[in-house]
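Right, one structure below, let's go through it.
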Amino acid sequence: MKRSRWILAALLAAAVVRGADDLPKSVPGERLDLQPKLMLNDLPDVPLPAPSAPGAYPGEPVGGGAASELDVKRLESRVEEAKKTAALRERGFRAGVFSKVQAEQSELSVVRLTRDLENARRDVAKEFADSQAKRFAAGEITGEEADKAAAAHVAAEAAAKAALERWDKAQFDAAQINLWRQRQLYAVGATTKNQLRRAEERVTAMKATPVPATPPPAATP
């Protein structure tokens, strides 16, 4: 009897050791945010970010007002944090910890915050270019200094326009992926007709909505 107990205890100890080996390994200095892996039927209606209005996110000027240097610093920090989260979730997806949808949403957040950051940089560059133009008109600085600020403004405008185009494309791609998933789910009875219809309407609306053109920067005297 005692021998049987010792054998049972040894088997239990071996099972605990094997179970511990299967646990996710933490990387020093990295926070592992564990969440259950989601399957397709756990995601009947994946929410997608709607096109944002000015002031919809922290750090974005309300009412279309000009951003400040502080806004730029805040958004730079948020972009870096979003990139870290996206990288962590991508690794988690490959390890089976996060779902593909969670990884995609993190990548979408990086694109959206980058757009906000470039908009803020553009506003700051414009304000500086305008102030330098006034100083040049008053004879306080040279034309070279004013031209340098104007060139920086033009570059910032181009960067903001490119970031906006990436955001528009990312939203459309996400909507198309969501529609594909909804169709797959509907085919196996894992979602409703209304959810599929909403996904179809989202893609149709985005196709019908023209991308707003970014106006060219005002000429600096």
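Out of (1) over 25 Å from the mean Cα position of the chain (by Cα); (2) surrounded by fewer than 21 Cβ atoms within 10 Å (Cβ to Cβ); (3) of a type outside the set (Lys, Arg); (4) part of a helix (DSSP H, G or I), what's the single condition that is false for GLU107?
All conditions pass for GLU107, except number (1).
Checking LEU117 against (1) surrounded by fewer than 15 Cβ atoms within 10 Å (Cβ to Cβ); (2) modelled with pLDDT of 95 or more, only one condition comes out false. Which one?
(1)
Hey, can you tell me all the residues within the stretch 181-196 that are in contact with a helix residue (DSSP H, G or I) (Cβ under 9 Å, 6 or more places away or on another chain) and not small (Gly, Ala, Ser)?
Of everything in the stretch 181-196, those that are in contact with a helix residue (DSSP H, G or I) (Cβ under 9 Å, 6 or more places away or on another chain) and not small (Gly, Ala, Ser) turn out to be ARG181, GLN182, ARG183, GLN184, LEU185, TYR186, VAL188, THR191, THR192, LYS193, GLN195, LEU196.
Regarding ALA190, is this residue touching a residue at least 12 places away in the same chain (Cβ under 8 Å), in a helix (DSSP H, G or I) and on the phi < 0 side of the Ramachandran plot? So that I can check it myself, show each step before the final result.
Values: touching a residue at least 12 places away in the same chain (Cβ under 8 Å): yes; in a helix (DSSP H, G or I): no; on the phi < 0 side of the Ramachandran plot: yes.
No; evaluated as a whole, the condition is false for this residue.
Would you point out which residue out of TRP167, TRP180 is among the aromatic types (Phe, Trp, Tyr) and surrounded by fewer than 16 Cβ atoms within 10 Å (Cβ to Cβ)?
On the way: TRP167 fails: surrounded by fewer than 16 Cβ atoms within 10 Å (Cβ to Cβ).
TRP180 is the lone residue from the list that is among the aromatic types (Phe, Trp, Tyr) and surrounded by fewer than 16 Cβ atoms within 10 Å (Cβ to Cβ).
Let's see how each residue does on (1) free of Cβ contacts under 8 Å to residues at least 12 places away in the same chain; (2) out of contact with any Phe, Trp or Tyr (no Cβ under 6 Å at 6 or more places or on another chain); (3) of a type outside the set (A, V, I, L, M):
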{"position": "ARG115", "(1), (2), (3)": "no, no, yes"}
{"position": "ASP123", "(1), (2), (3)": "no, yes, yes"}
{"position": "ASP130", "(1), (2), (3)": "no, yes, yes"}
{"position": "ALA150", "(1), (2), (3)": "no, yes, no"}
{"position": "VAL154", "(1), (2), (3)": "no, yes, no"}
{"position": "ALA159", "(1), (2), (3)": "no, yes, no"}
{"position": "ALA174", "(1), (2), (3)": "no, yes, no"}
{"position": "LEU179", "(1), (2), (3)": "no, yes, no"}
{"position": "ARG183", "(1), (2), (3)": "no, yes, yes"}
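Every residue, every condition in (1) among the small types (Gly, Ala, Ser); (2) more than 24 Å from ARG78 (Cβ to Cβ); (3) modelled with pLDDT under 95; (4) in contact with a Cys (Cβ under 9 Å, 6 or more places away or on another chain), yes or no:
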residue	(1), (2), (3), (4)
GLY92	yes, no, no, no
LEU113	no, no, no, no
VAL124	no, no, no, no
PHE128	no, no, no, no
GLY139	yes, yes, no, no
ALA149	yes, yes, no, no
ALA160	yes, no, no, no
ASN178	no, yes, no, no
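For ASP168, are the conditions met, namely being under 20 Å from the mean Cα position of the chain (by Cα) and part of a helix (DSSP H, G or I)? Full working, then the answer.
Details: under 20 Å from the mean Cα position of the chain (by Cα): yes; part of a helix (DSSP H, G or I): yes.
Considered against the rule, which asks whether it is under 20 Å from the mean Cα position of the chain (by Cα) and part of a helix (DSSP H, G or I), ASP168 comes out as yes.
Restricting to the stretch 193-207, name every residue that is of a type in the set (Lys, Arg) and in contact (Cβ under 8 Å) with a residue 40 or more places away in the chain. Full working, then the answer.
First, pick out the residues of the stretch 193-207 that are of a type in the set (Lys, Arg): 193, 197-198, 202, 207.
ARG198, ARG202, listed by residue number.
The values are calculated or read from the model by the stated rules, or taken from the named source; none is laboratory data. Small disclaimer: the values here were computed from a predicted structure and weren't measured. Note that we place each Cβ from the backbone using ideal geometry, even for glycine, and neighbour counts take in every protein chain shown.
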